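See below for the structure under consideration.
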Amino acid sequence: MPPKKPRPLGPTPQGDWKRLVRHYGEKAVKVGSDLAEIVVHLPAKPGPLGLVVAGSRVLNTLREIKDEKRPETFFGKEWEHMRNVGSFSNFLLSLSLSGGFAKEEQEASSENGQVVTAEIRGFRYGWIKYESWTAGPWMPKGTDETDALHNLGRLVWELLGSNLKVINKPLAGTVIVQDTVKDTLASANAERLFERLDLFNKAGFTRSALLIGEPGTGKSNIMRYVCKLSGGLSLRFPAREIGEMTDVTTPLLMLCPDAVLIDDLDRTENPEAILTQVEDIRDSTKIFIVSVNDVSGLDPAVLRTGRFDEYVEVDQLDESIRRALIGDDLSDAIVEALMQLPIAAIDDFKKRRIVLGVEQAIEEVADLVARTDMIRALAYGDEDEKTKKKGPPPWHPQGADQPTEG
């Protein structure tokens, strides 16, 4: 996706002008206050001396404004503002400082802000750090903005790792953080899904997939293993937060991830509100995978072809993975009961076995089965309702005549 055409050069982005106007507006109010005082008190102080004394405050205030150091003047004719950073300016400055790439310019400091510059792999950047906000970044004129943005993206991957997520953080705004990933299990079904998506990628097409299945059936494992096969650089947008984000394009342009994930889209309060974000993501990355627990609450516009190309029904994780977690020293009846449970319940059985012992864990299998049945009944009702709610016909890499597993 080509970068947006830069706006005319200015000292700060549009959002920062409001703060500058407020700052200098306060100075103007002070001047007005001084002038009002002259009007009120001048009659009580007749003569030239009274006029000089009363007016000196106005002159002092004007002198303060004239002599005040304005750090934005540091970025003059030799610099230009980067227009495709959006709301991530503060995050990028913080990352550059913590990584030891940035330094404060003492000669450009003032009571209103501090100029900070950074040199990262031959690219130069600059910010103005105010008490509670950040303006910038700037770059030297003649710098290719797309290259400069990608260079910042490489810094993010280098410092934070290969699995990242975008979140809204109180006071800090929109930031990118390391995504805590559980051990991803090798999945034959994920491999088949990746092979299909990769066919389209090699032909020059982006490709998206929607994973549909109950909680705990291994959708997240499939998503992450496909990411691993695609190159390993994954970016995740939590579903509950993406609807509140106004800047989804910037991290995509900057990071160029191999795969983008949104898990549990149906948990978003207003899924229809993120249709534009979904389209932006789909057009900006070669593999885009979204998971939902239940499609019945989603607007059909979210599900149409062009937003999601593949529909994958996930009933269970690979049989080999489930058997490995269960173990091979249990009775056939217990194994059969556990094999029907979501992967989350099987994993909990494994933990109970380690902590409580195998005999106690076996006794509690019935509790896991009952709890799973209750959750399924609450989510879907009877089997007919469950079938009706599953939505569009599922696609599976093995073919429609083969059993479907996650």
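No lab work stands behind these numbers, since they all come straight from the coordinates. Since this is a predicted model, take the numbers as computed values, not measurements. Please note: Cβ atoms are built from the backbone with ideal geometry, for glycine as well, and neighbour counts cover all protein chains shown.
Worth pointing out:
- Estimated vicinal HN-Hα couplings, Hz - region 315-327 in sequence order (Karplus 6.51, -1.76, 1.60; Gly, Pro = x): 8, 7, 6, 3, 4, 5, 5, 5, 5, 5, 6, 6, x
- Net charge in the neighbourhood of PHE123 (other residues with Cβ under 12 Å of its Cβ; Lys, Arg +1, Asp, Glu -1) is -1.
- For region 152-195, the residues whose amide N sits under 20 Å from a probe point set 7 Å from the Cα of MET339 along the beta carbon direction are 186-190.
- Taking 0.36 nm per residue of separation and subtracting the current Cα-Cα distance, fully stretching the chain between TRP133 and ARG154 would add 5.2 nm.
- Spin-label model, ASP328 to ARG267: label points 7 Å out along the Cα-to-beta-carbon direction sit 3.6 nm apart.
- The HN-Hα couplings worked out from phi for region 91-100 by the Karplus form 6.51 cos²θ - 1.76 cosθ + 1.60 (θ = phi - 60°) are 4, 5, 5, 4, 5, 5, 5, 5, x, x Hz, whole numbers, x standing for Gly and Pro.
- Label-point separation in nm, ASP147 to GLU107, each point 7 Å along Cα→Cβ: 2.7 nm
- In nm, spacing of pseudo-spin labels at ASN168 and SER296 (7 Å Cα→C-beta vector): 2.9 nm
- FRET efficiency, ASP315 to THR73 (Cβ-Cβ, R0 60 Å, nearest 0.05): 0.40
- In order along region 348-359, the phi-based Karplus estimate (6.51 cos²θ - 1.76 cosθ + 1.60, θ = phi - 60°) of 3J(HN,Hα) comes to 5, 4, 4, 5, 4, 5, 5, 7, 9, x, 5, 5 Hz; Gly and Pro are listed as x.
- Efficiency of FRET between LYS350 and LEU97 - r from beta-carbon atoms, R0 45 angstrom, step 0.05: 0.55
- Residues GLU191 and ASP373, FRET efficiency given R0 of 41 Å [Cβ-Cβ distance, rounded to 0.05]: 0.85
- Among HIS81, HIS150, the ranking by other beta carbons within 10 Å of each residue's beta carbon, starting with the fewest, stands as HIS150, HIS81.
- Entry note, region 188-313: relative contact order of 37 percent, from Cα contacts under 8 Å with a spacing of 6+ residues.
- Going from the residue with the fewest nearby Cβ atoms within 10 Å to the one with the most, THR206, THR134, THR285 rank THR206, THR134, THR285.
- Here ARG224, ARG371 are placed in order of increasing Cβ neighbour count within 10 Å, fewest first, which gives ARG371, ARG224.
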